[in-house]
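Take a look at the structure set out below.
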């Protein structure tokens, strides 16, 4: 996809934070964060969308209890409980058509935990 300028580029942050297995908040790594990151990076590469979007692994984004957590910037759209099956929908709907995936958006503001 040619013609995208860096200022229009979207950044998808995917939490890959790891905590001990007995931590009360859990962690996004245990909930598949690393697999989400790999799947999204592969999809971006296969579709040659590197000028449009970048997938970035992140440490704790805050709302651990609802992980795996994904945030899209500069849109400031957050997703909770994301599974591998949701990755292509986020890419195709949100990134390519600017239509956030409502069913994955948390009911409460996730930034309240930051």
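Each value in this text was obtained by applying a stated rule to the coordinates, not by laboratory testing. This one's a predicted model, so the numbers in the text were calculated from it and none came from an experiment. Reconstructed Cβ throughout: ideal geometry from the backbone, glycine too, with neighbour counts over all protein chains shown.
A few remarks follow.
- Rounded to 5, the percent of DSSP beta bridges in the chain classed as antiparallel: 55
- Max mean-square fluctuation residue, GNM over the chain, Cα-Cα springs under 10 Å, options 43, 58, 68: 43
- Multiplying the residue separation of residue 108 and residue 54 by 0.36 nm and subtracting their alpha-carbon distance yields 16.8 nm.
- Based on the Kirkwood approach, the hydrodynamic radius assigned to the stretch 57-106 is 11.0 Å, with every pair of different Cα atoms included.
- When the alpha carbon gyration tensor of the stretch 22-64 is reduced to an equivalent ellipsoid, its three semi-axes come out at 26, 11, 5 angstrom, largest first.
- Pair-distance distribution P(r) for the chain, from all Cα-Cα distances in 10 Å bins starting at 0: 15, 49, 29, 7, 1 percent.
- Ordering 81-92, 27-38 by mean Cβ neighbour count within 10 Å, with the highest value first, yields 27-38, 81-92.
- Using 0.36 nm per residue and subtracting the Cα-Cα separation, the extra length available between residue 88 and residue 8 on full extension is 26.8 nm.
- Förster-model FRET efficiency, 22 Å R0, residue 42 and residue 22, C-beta, rounded to 0.05: 0.10
- Taking each DSSP H run with n ≥ 4 as -39500 (n - 2.57) and averaging over every residue of the chain yields -4000 deg cm²/dmol at 222 nm.
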